[in-house]
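The values are calculated or read from the model by the stated rules, or taken from the named source; none is laboratory data. All values reported here derive from a predicted model rather than from experimental measurement. Methodologically, a virtual Cβ is constructed for each residue, glycine included, from the backbone with ideal geometry; neighbour enumeration extends over all protein chains shown. Side chains are part of the model used for accessible areas, which takes the heavy atoms of the whole protein and leaves out ligands, DNA and RNA. Shrake-Rupley method; radii C 1.70, N 1.55, O 1.52, S 1.80 Å.
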Amino acid sequence: SSDDMGTSTATLTLGMTLGLLTALATATSLSGPALGLVPGRRPIRSKPRSPLALPGGMEQVGGAAVYTAESASAAQVPARALLEMPNTHAKPDYGLYLTKAAALAEVKRIVDANPSFMQLETMEATRDGYTSSLAVVTVEPGGFSSSSKSGTDDAKGKTKTRVLYNYGEHGRELITVDVAVQLLRDLARGVEHAATLADPGAGTVEETKAALLNTIFKICPMENVNGRTKVEAGDFCERKNGRGVDCNRNWAVDWGVKAPDYDPYEEYPGTAPFSEPEAFMLKSLMEAWPPHVWVNVHSGMEALFMPFDHKAMEPTGPGPNVMKQILTNINKMHCGGRCVVGSGGLGVGYLAHGTATDYVFLQQRAPIAFTWEIYGDQKAHYMDCFRMFNPTEKSGHAKVVQDWVGAAVSLLPMLRTHPELPMAVALEAAATAAAGD
(Lines give C-alpha, C1' and ligand atoms only; values in the text may rest on other atoms or scores of the structure.)
Protein backbone atom coordinates (compact mmCIF):
# COMPACT_ATOMS: atom_id res chain seq x y z
CA SER A 1 0.00 0.00 0.00
CA SER A 2 1.04 3.63 -0.23
CA ASP A 3 1.28 3.77 3.58
CA ASP A 4 3.74 0.90 3.55
CA MET A 5 5.77 2.68 0.90
CA GLY A 6 5.80 5.83 2.96
CA THR A 7 7.54 4.03 5.82
CA SER A 8 9.83 1.84 3.78
CA THR A 9 13.54 2.62 3.75
CA ALA A 10 14.25 1.02 0.40
CA THR A 11 15.98 3.23 -2.13
CA LEU A 12 14.35 3.54 -5.52
CA THR A 13 17.08 4.44 -7.97
CA LEU A 14 16.54 6.06 -11.31
CA GLY A 15 17.44 2.78 -12.97
CA MET A 16 14.32 0.95 -11.75
CA THR A 17 12.80 -1.47 -14.22
CA LEU A 18 9.55 -1.04 -16.06
CA GLY A 19 8.11 -3.96 -14.14
CA LEU A 20 8.67 -2.21 -10.82
CA LEU A 21 7.20 0.98 -12.21
CA THR A 22 4.08 -0.92 -13.27
CA ALA A 23 3.85 -2.46 -9.83
CA LEU A 24 4.05 0.97 -8.25
CA ALA A 25 1.25 2.24 -10.44
CA THR A 26 -0.92 -0.77 -9.66
CA ALA A 27 -0.26 -0.68 -5.93
CA THR A 28 -1.20 2.96 -5.62
CA SER A 29 -4.06 2.96 -8.15
CA LEU A 30 -2.48 5.92 -9.93
CA SER A 31 -3.28 6.77 -13.53
CA GLY A 32 -0.62 7.33 -16.16
CA PRO A 33 -0.73 11.14 -16.02
CA ALA A 34 -0.43 11.11 -12.22
CA LEU A 35 2.82 9.22 -12.58
CA GLY A 36 3.93 11.40 -15.46
CA LEU A 37 3.45 8.67 -18.05
CA VAL A 38 1.98 11.14 -20.53
CA PRO A 39 4.82 13.26 -21.96
CA GLY A 40 4.47 16.91 -21.00
CA ARG A 41 5.39 20.18 -22.64
CA ARG A 42 7.53 20.82 -19.57
CA PRO A 43 8.99 17.33 -19.13
CA ILE A 44 11.50 18.71 -16.67
CA ARG A 45 9.27 19.52 -13.72
CA SER A 46 11.77 21.73 -11.96
CA LYS A 47 15.44 22.49 -12.10
CA PRO A 48 17.13 21.70 -8.79
CA ARG A 49 19.85 24.19 -7.91
CA SER A 50 21.33 22.06 -5.16
CA PRO A 51 20.70 18.67 -3.49
CA LEU A 52 18.43 20.46 -1.01
CA ALA A 53 16.35 21.79 -3.88
CA LEU A 54 15.64 18.42 -5.44
CA PRO A 55 11.96 17.43 -5.65
CA GLY A 56 10.31 15.81 -2.65
CA GLY A 57 11.88 12.47 -1.82
CA MET A 58 14.79 12.92 -4.21
CA GLU A 59 18.34 12.93 -2.90
CA GLN A 60 21.82 13.21 -4.34
CA VAL A 61 23.62 9.90 -3.90
CA GLY A 62 27.01 9.26 -5.44
CA GLY A 63 26.52 11.93 -8.09
CA ALA A 64 23.10 10.63 -9.11
CA ALA A 65 19.61 11.79 -8.20
CA VAL A 66 17.64 9.00 -6.53
CA TYR A 67 14.30 8.64 -4.81
CA THR A 68 14.13 7.25 -1.31
CA ALA A 69 10.78 5.69 -0.49
CA GLU A 70 11.31 6.68 3.14
CA SER A 71 10.72 10.32 2.20
CA ALA A 72 8.69 10.06 -1.00
CA SER A 73 5.24 8.67 -1.62
CA ALA A 74 4.65 6.88 -4.90
CA ALA A 75 2.69 9.87 -6.16
CA GLN A 76 5.84 11.98 -5.94
CA VAL A 77 7.91 9.63 -8.12
CA PRO A 78 7.53 10.63 -11.79
CA ALA A 79 7.72 7.72 -14.18
CA ARG A 80 10.23 9.42 -16.47
CA ALA A 81 12.62 9.84 -13.51
CA LEU A 82 12.48 6.10 -12.89
CA LEU A 83 13.18 5.26 -16.51
CA GLU A 84 15.59 7.99 -17.54
CA MET A 85 19.06 7.58 -18.95
CA PRO A 86 22.23 8.68 -17.16
CA ASN A 87 22.95 12.40 -17.21
CA THR A 88 25.30 13.04 -20.13
CA HIS A 89 25.70 16.73 -19.17
CA ALA A 90 25.16 17.65 -22.82
CA LYS A 91 26.08 21.18 -23.84
CA PRO A 92 25.40 23.14 -27.03
CA ASP A 93 27.99 22.89 -29.76
CA TYR A 94 28.19 26.42 -31.12
CA GLY A 95 29.78 25.09 -34.25
CA LEU A 96 26.36 23.55 -34.87
CA TYR A 97 24.00 25.87 -33.02
CA LEU A 98 23.84 29.62 -33.42
CA THR A 99 24.68 31.69 -30.37
CA LYS A 100 22.27 34.47 -29.46
CA ALA A 101 24.59 37.08 -30.96
CA ALA A 102 25.19 35.06 -34.11
CA ALA A 103 21.49 34.38 -34.62
CA LEU A 104 20.50 38.03 -34.31
CA ALA A 105 23.41 39.11 -36.52
CA GLU A 106 22.39 36.58 -39.16
CA VAL A 107 18.81 37.82 -39.06
CA LYS A 108 20.03 41.37 -39.67
CA ARG A 109 22.29 40.23 -42.51
CA ILE A 110 19.44 38.41 -44.25
CA VAL A 111 17.05 41.33 -43.95
CA ASP A 112 19.61 43.94 -45.02
CA ALA A 113 20.27 41.91 -48.17
CA ASN A 114 16.58 41.84 -49.13
CA PRO A 115 15.06 45.29 -48.50
CA SER A 116 12.37 44.94 -51.16
CA PHE A 117 10.47 42.29 -49.22
CA MET A 118 12.05 42.06 -45.75
CA GLN A 119 12.17 44.56 -42.90
CA LEU A 120 13.58 44.28 -39.37
CA GLU A 121 12.11 46.14 -36.43
CA THR A 122 13.53 45.86 -32.92
CA MET A 123 10.95 46.57 -30.26
CA GLU A 124 11.94 47.41 -26.70
CA ALA A 125 9.89 47.62 -23.53
CA THR A 126 10.51 48.11 -19.83
CA ARG A 127 8.13 46.78 -17.20
CA ASP A 128 8.74 47.59 -13.56
CA GLY A 129 12.44 48.23 -14.14
CA TYR A 130 13.08 45.18 -16.29
CA THR A 131 13.86 45.68 -20.00
CA SER A 132 13.83 43.32 -22.94
CA SER A 133 13.85 43.61 -26.72
CA LEU A 134 12.11 41.76 -29.52
CA ALA A 135 13.33 41.41 -33.09
CA VAL A 136 10.41 41.27 -35.53
CA VAL A 137 11.02 40.49 -39.20
CA THR A 138 8.31 41.37 -41.71
CA VAL A 139 8.43 39.29 -44.88
CA GLU A 140 6.13 39.87 -47.84
CA PRO A 141 7.36 37.45 -50.52
CA GLY A 142 5.58 39.30 -53.30
CA GLY A 143 7.21 42.60 -52.39
CA PHE A 144 6.13 45.20 -49.88
CA SER A 145 2.65 46.66 -49.98
CA SER A 146 0.69 48.83 -47.59
CA SER A 147 -0.68 45.79 -45.74
CA SER A 148 2.71 44.64 -44.55
CA LYS A 149 3.21 47.48 -42.10
CA SER A 150 -0.05 48.84 -40.76
CA GLY A 151 -3.11 48.04 -42.84
CA THR A 152 -4.83 44.85 -43.87
CA ASP A 153 -5.19 45.39 -47.63
CA ASP A 154 -2.45 45.39 -50.20
CA ALA A 155 -2.06 47.94 -52.97
CA LYS A 156 -4.51 46.10 -55.25
CA GLY A 157 -7.24 45.99 -52.61
CA LYS A 158 -6.89 42.28 -51.79
CA THR A 159 -6.54 41.00 -48.27
CA LYS A 160 -3.44 38.91 -47.68
CA THR A 161 -3.20 36.27 -44.96
CA ARG A 162 -1.20 37.52 -41.98
CA VAL A 163 0.93 34.82 -40.34
CA LEU A 164 2.88 35.36 -37.11
CA TYR A 165 5.59 32.80 -36.27
CA ASN A 166 7.12 33.06 -32.79
CA TYR A 167 10.29 31.21 -31.73
CA GLY A 168 12.54 31.07 -28.68
CA GLU A 169 9.92 31.81 -26.03
CA HIS A 170 11.83 29.60 -23.60
CA GLY A 171 15.56 30.13 -23.34
CA ARG A 172 16.61 26.47 -23.29
CA GLU A 173 14.88 25.68 -26.61
CA LEU A 174 17.78 26.62 -28.88
CA ILE A 175 16.62 24.46 -31.78
CA THR A 176 13.58 26.66 -32.33
CA VAL A 177 15.74 29.73 -33.00
CA ASP A 178 17.82 27.82 -35.52
CA VAL A 179 14.61 26.86 -37.32
CA ALA A 180 13.55 30.52 -37.42
CA VAL A 181 16.85 31.67 -38.90
CA GLN A 182 16.80 28.95 -41.55
CA LEU A 183 13.22 29.85 -42.46
CA LEU A 184 14.36 33.41 -43.09
CA ARG A 185 17.28 32.18 -45.18
CA ASP A 186 14.95 30.09 -47.31
CA LEU A 187 12.38 32.87 -47.73
CA ALA A 188 15.21 35.18 -48.77
CA ARG A 189 15.99 32.85 -51.68
CA GLY A 190 12.66 33.72 -53.24
CA VAL A 191 9.23 32.25 -53.85
CA GLU A 192 10.41 29.73 -56.44
CA HIS A 193 12.77 28.14 -53.91
CA ALA A 194 10.55 28.43 -50.85
CA ALA A 195 7.64 26.75 -52.62
CA THR A 196 9.70 23.59 -53.10
CA LEU A 197 10.06 23.17 -49.32
CA ALA A 198 6.39 22.32 -48.75
CA ASP A 199 5.20 18.75 -48.69
CA PRO A 200 3.42 17.83 -51.96
CA GLY A 201 0.39 16.80 -49.92
CA ALA A 202 -0.15 20.40 -48.85
CA GLY A 203 -0.66 21.60 -52.42
CA THR A 204 1.05 21.78 -55.76
CA VAL A 205 4.17 23.88 -56.17
CA GLU A 206 2.07 26.44 -58.03
CA GLU A 207 -0.47 26.55 -55.19
CA THR A 208 2.30 26.98 -52.65
CA LYS A 209 3.84 29.78 -54.71
CA ALA A 210 0.47 31.50 -54.84
CA ALA A 211 0.05 31.03 -51.09
CA LEU A 212 3.45 32.59 -50.43
CA LEU A 213 2.64 35.54 -52.67
CA ASN A 214 -0.58 36.08 -50.74
CA THR A 215 0.97 35.90 -47.27
CA ILE A 216 2.57 38.51 -45.06
CA PHE A 217 4.79 37.11 -42.30
CA LYS A 218 5.86 38.55 -39.02
CA ILE A 219 8.63 36.32 -37.68
CA CYS A 220 10.01 36.71 -34.15
CA PRO A 221 13.16 34.56 -34.16
CA MET A 222 13.97 34.87 -30.44
CA GLU A 223 11.30 36.14 -28.06
CA ASN A 224 13.15 35.53 -24.80
CA VAL A 225 16.57 37.11 -25.38
CA ASN A 226 17.40 37.54 -21.68
CA GLY A 227 16.53 33.94 -20.85
CA ARG A 228 18.72 32.86 -23.73
CA THR A 229 21.61 34.82 -22.21
CA LYS A 230 21.24 32.79 -19.01
CA VAL A 231 21.28 29.54 -20.97
CA GLU A 232 24.45 30.52 -22.80
CA ALA A 233 26.03 31.32 -19.43
CA GLY A 234 25.58 27.65 -18.49
CA ASP A 235 22.06 27.36 -17.04
CA PHE A 236 20.87 24.87 -19.65
CA CYS A 237 17.59 24.19 -17.81
CA GLU A 238 16.43 27.81 -17.80
CA ARG A 239 13.12 28.44 -19.54
CA LYS A 240 12.05 31.70 -17.92
CA ASN A 241 12.97 35.28 -18.74
CA GLY A 242 15.75 37.37 -17.22
CA ARG A 243 13.92 37.90 -13.95
CA GLY A 244 12.42 34.47 -13.46
CA VAL A 245 8.99 34.71 -15.11
CA ASP A 246 7.67 32.16 -17.59
CA CYS A 247 6.83 34.17 -20.72
CA ASN A 248 4.21 31.57 -21.64
CA ARG A 249 2.28 31.96 -18.38
CA ASN A 250 2.11 35.78 -18.44
CA TRP A 251 -0.93 36.15 -20.69
CA ALA A 252 -4.41 37.16 -19.59
CA VAL A 253 -6.45 33.99 -20.13
CA ASP A 254 -6.74 32.13 -16.82
CA TRP A 255 -3.62 33.98 -15.64
CA GLY A 256 -2.32 33.03 -12.20
CA VAL A 257 -4.37 29.86 -11.79
CA LYS A 258 -2.20 27.26 -10.13
CA ALA A 259 -2.87 23.65 -11.03
CA PRO A 260 -2.16 20.92 -8.43
CA ASP A 261 1.22 20.27 -10.07
CA TYR A 262 2.14 23.97 -10.31
CA ASP A 263 5.91 24.37 -10.26
CA PRO A 264 7.02 27.91 -9.38
CA TYR A 265 10.54 27.29 -10.62
CA GLU A 266 9.28 26.29 -14.05
CA GLU A 267 6.19 28.41 -14.59
CA TYR A 268 6.02 31.44 -12.30
CA PRO A 269 3.45 33.69 -14.10
CA GLY A 270 4.67 37.09 -12.91
CA THR A 271 2.86 39.65 -10.77
CA ALA A 272 0.07 40.35 -13.27
CA PRO A 273 -0.89 39.62 -16.88
CA PHE A 274 1.64 41.27 -19.19
CA SER A 275 3.89 42.26 -16.30
CA GLU A 276 6.78 41.12 -18.50
CA PRO A 277 8.04 43.03 -21.53
CA GLU A 278 8.23 39.88 -23.66
CA ALA A 279 4.49 39.18 -23.49
CA PHE A 280 3.66 42.88 -23.51
CA MET A 281 5.57 43.48 -26.76
CA LEU A 282 3.94 40.53 -28.52
CA LYS A 283 0.50 41.71 -27.43
CA SER A 284 1.30 45.21 -28.68
CA LEU A 285 2.48 43.80 -31.99
CA MET A 286 -0.75 41.86 -32.48
CA GLU A 287 -2.91 44.82 -31.53
CA ALA A 288 -1.25 46.89 -34.24
CA TRP A 289 -1.10 44.02 -36.74
CA PRO A 290 -3.75 41.39 -35.93
CA PRO A 291 -2.66 38.01 -37.32
CA HIS A 292 -4.96 35.54 -38.98
CA VAL A 293 -2.55 32.77 -37.93
CA TRP A 294 -0.38 32.43 -34.81
CA VAL A 295 2.19 29.64 -34.44
CA ASN A 296 4.24 29.46 -31.22
CA VAL A 297 7.18 27.10 -31.76
CA HIS A 298 8.65 25.17 -28.82
CA SER A 299 10.60 22.03 -28.02
CA GLY A 300 10.39 19.47 -25.23
CA MET A 301 8.23 16.88 -26.95
CA GLU A 302 6.75 16.17 -30.36
CA ALA A 303 3.26 17.63 -30.49
CA LEU A 304 0.99 19.87 -32.51
CA PHE A 305 -1.39 21.72 -30.24
CA MET A 306 -4.43 23.90 -30.71
CA PRO A 307 -6.47 25.53 -27.94
CA PHE A 308 -7.23 25.04 -25.23
CA ASP A 309 -4.29 24.87 -22.81
CA HIS A 310 -6.18 25.94 -19.68
CA LYS A 311 -8.96 23.36 -19.89
CA ALA A 312 -9.19 19.79 -21.13
CA MET A 313 -11.32 20.43 -24.18
CA GLU A 314 -11.11 21.65 -27.77
CA PRO A 315 -13.09 24.44 -29.43
CA THR A 316 -15.83 23.29 -31.78
CA GLY A 317 -17.16 24.48 -35.12
CA PRO A 318 -16.01 24.62 -38.74
CA GLY A 319 -12.88 26.68 -38.01
CA PRO A 320 -11.56 24.49 -35.19
CA ASN A 321 -12.34 21.39 -37.24
CA VAL A 322 -10.08 22.72 -39.99
CA MET A 323 -7.39 23.55 -37.42
CA LYS A 324 -7.41 19.95 -36.22
CA GLN A 325 -7.22 18.61 -39.78
CA ILE A 326 -4.31 20.89 -40.65
CA LEU A 327 -2.39 19.65 -37.61
CA THR A 328 -3.19 16.05 -38.52
CA ASN A 329 -1.78 16.68 -41.99
CA ILE A 330 1.37 18.36 -40.67
CA ASN A 331 1.90 15.42 -38.33
CA LYS A 332 1.95 13.06 -41.31
CA MET A 333 4.02 15.36 -43.51
CA HIS A 334 6.66 16.65 -41.13
CA CYS A 335 6.52 14.71 -37.85
CA GLY A 336 6.46 11.15 -39.13
CA GLY A 337 3.12 10.57 -37.42
CA ARG A 338 4.78 10.79 -34.00
CA CYS A 339 3.28 14.07 -32.82
CA VAL A 340 0.47 14.30 -30.30
CA VAL A 341 -2.30 16.24 -32.07
CA GLY A 342 -5.12 18.29 -30.55
CA SER A 343 -5.81 20.45 -27.53
CA GLY A 344 -2.87 21.08 -25.24
CA GLY A 345 -5.10 20.61 -22.20
CA LEU A 346 -6.21 17.21 -23.46
CA GLY A 347 -2.99 15.93 -24.96
CA VAL A 348 -0.23 16.96 -22.61
CA GLY A 349 -1.34 15.47 -19.29
CA TYR A 350 -1.67 18.76 -17.39
CA LEU A 351 -3.34 22.16 -17.77
CA ALA A 352 -1.38 25.33 -18.53
CA HIS A 353 -2.77 28.70 -17.50
CA GLY A 354 -1.95 32.11 -18.94
CA THR A 355 -0.56 30.84 -22.24
CA ALA A 356 -0.02 32.88 -25.38
CA THR A 357 -1.93 30.53 -27.67
CA ASP A 358 -5.10 30.60 -25.59
CA TYR A 359 -4.95 34.40 -25.43
CA VAL A 360 -4.37 34.82 -29.16
CA PHE A 361 -7.32 32.54 -29.93
CA LEU A 362 -9.78 33.80 -27.32
CA GLN A 363 -8.90 37.46 -26.82
CA GLN A 364 -7.07 38.41 -30.01
CA ARG A 365 -9.56 36.25 -31.93
CA ALA A 366 -7.06 34.91 -34.43
CA PRO A 367 -8.87 32.26 -36.49
CA ILE A 368 -5.90 29.90 -36.16
CA ALA A 369 -3.67 29.58 -33.07
CA PHE A 370 -1.18 26.73 -32.78
CA THR A 371 1.65 25.59 -30.52
CA TRP A 372 4.15 23.36 -32.28
CA GLU A 373 6.48 21.21 -30.16
CA ILE A 374 9.13 20.19 -32.65
CA TYR A 375 11.59 18.02 -30.71
CA GLY A 376 11.98 16.24 -27.40
CA ASP A 377 14.17 13.50 -26.01
CA GLN A 378 11.77 11.88 -23.56
CA LYS A 379 14.48 9.45 -22.42
CA ALA A 380 16.90 12.16 -21.33
CA HIS A 381 17.93 12.43 -17.70
CA TYR A 382 15.88 14.80 -15.57
CA MET A 383 18.78 17.26 -15.37
CA ASP A 384 20.15 16.72 -18.90
CA CYS A 385 18.23 19.72 -20.19
CA PHE A 386 20.11 20.55 -23.34
CA ARG A 387 19.67 16.96 -24.57
CA MET A 388 16.04 16.93 -23.52
CA PHE A 389 15.11 20.00 -25.56
CA ASN A 390 17.60 19.99 -28.44
CA PRO A 391 19.13 17.39 -30.77
CA THR A 392 22.80 16.91 -29.97
CA GLU A 393 23.99 15.39 -33.25
CA LYS A 394 24.51 17.21 -36.55
CA SER A 395 22.19 14.88 -38.46
CA GLY A 396 19.42 15.24 -35.88
CA HIS A 397 19.75 19.01 -35.85
CA ALA A 398 19.59 19.17 -39.65
CA LYS A 399 16.53 16.90 -39.78
CA VAL A 400 14.56 18.95 -37.25
CA VAL A 401 15.42 22.22 -38.98
CA GLN A 402 14.48 20.83 -42.38
CA ASP A 403 11.20 19.31 -41.15
CA TRP A 404 9.94 22.42 -39.39
CA VAL A 405 11.02 24.96 -41.98
CA GLY A 406 9.09 22.77 -44.38
CA ALA A 407 6.09 22.71 -42.04
CA ALA A 408 6.09 26.52 -41.89
CA VAL A 409 5.71 26.58 -45.69
CA SER A 410 3.34 23.59 -45.97
CA LEU A 411 0.93 25.34 -43.63
CA LEU A 412 0.29 28.16 -46.11
CA PRO A 413 -1.62 26.42 -48.93
CA MET A 414 -3.61 24.43 -46.37
CA LEU A 415 -4.96 27.70 -44.98
CA ARG A 416 -7.30 27.81 -47.99
CA THR A 417 -9.53 25.30 -46.19
CA HIS A 418 -10.30 27.62 -43.27
CA PRO A 419 -13.62 29.47 -43.69
CA GLU A 420 -12.44 32.69 -41.99
CA LEU A 421 -9.19 33.22 -43.89
CA PRO A 422 -8.69 35.03 -47.22
CA MET A 423 -6.35 32.37 -48.59
CA ALA A 424 -9.04 30.42 -50.45
CA VAL A 425 -10.12 33.47 -52.44
CA ALA A 426 -6.49 34.34 -53.17
CA LEU A 427 -5.62 30.87 -54.47
CA GLU A 428 -8.78 30.70 -56.55
CA ALA A 429 -7.93 34.05 -58.13
CA ALA A 430 -4.37 32.88 -58.78
CA ALA A 431 -5.63 29.69 -60.43
CA THR A 432 -8.05 31.65 -62.60
CA ALA A 433 -5.30 34.04 -63.66
CA ALA A 434 -2.97 31.14 -64.48
CA ALA A 435 -5.68 29.46 -66.57
CA GLY A 436 -6.21 32.72 -68.47
CA ASP A 437 -2.52 32.94 -69.29
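For the full complex of protein chains and a 1.4 angstrom probe, list PHE361, PHE280, PHE308 by accessible area with the highest value first.
Final ranking, largest accessible area leading: PHE280, PHE361, PHE308.
R0 = 35 Å: FRET efficiency of ALA288 with ASN321, Cβ-based, nearest 0.05?
After rounding, the FRET efficiency stands at 0.70.
Scan around MET222 for amide H atoms under 5 Å from its own, H built in the peptide plane at 1.01 Å from N, and keep only partners 5 or more places away or cross-chain.
Counting only residues 5 or more places away or on other chains, the set is ALA135, TYR167.
For the range 277-385, report the accessible area per residue in Å² (1.4 Å probe, heavy atoms, rounded to an integer).
29
Would you please give the FRET efficiency between ASN114 and GLU206, computed as 1/(1 + (r/R0)^6) with r the Cβ-Cβ distance and R0 = 25 Å, to the nearest 0.05?
So the FRET efficiency works out to roughly 0.60.
How far apart, in nm, are the 7 Å Cα→Cβ label points at TYR94 and THR122?
So the label points at TYR94 and THR122 sit 1.8 nm apart.
For the range 328-437, what class follows from the C-alpha gyration tensor (a ≥ b ≥ c being the square roots of its eigenvalues): rounded when a/c is under 1.5, otherwise prolate if a/b is larger than b/c, else oblate?
oblate
Could you pull out the pairs from LYS218/LYS240; LYS160/LYS218; LYS100/LYS230; LYS160/LYS332; LYS160/LYS209; LYS332/LYS399 whose alpha carbons sit more than 18 Å apart here?
LYS218/LYS240; LYS160/LYS332
Check the straight Cα-Cα distances from LYS311 and name the aspartates and glutamates below 14 Å, setting aside those fewer than 8 residues away within the same chain.
Hits, sequence-local ones excluded: ASP254, ASP358.
Grab the Cα-Cα distance for THR131 and ALA233, subtract it from 0.36 nm times how many residues apart they are, and report the gain in nm with one decimal.
34.8 nm
In the range 148-269, carbon and sulfur make up what percent of the accessible area (probe 1.4 Å)?
Here carbon and sulfur together make up 54 percent of the probe-accessible area.
What aspartates and glutamates could a cross-link reach from LYS258, if we take a straight Cα to Cα line under 14 Å and drop same-chain neighbours fewer than 8 places away?
ASP246, GLU266, GLU267, ASP309
Provide the per residue accessible area, probe 1.4 Å, for the range 223-269, rounded to a whole number of square angstrom.
Solvent-accessible surface per residue comes out at 34 Å².
If you take the beta carbon distance between GLN378 and ALA312 as r and set R0 to 25 Å, what does 1/(1 + (r/R0)^6) give as a FRET efficiency, to the nearest 0.05?
For R0 = 25 Å, the calculated efficiency reads 0.75.
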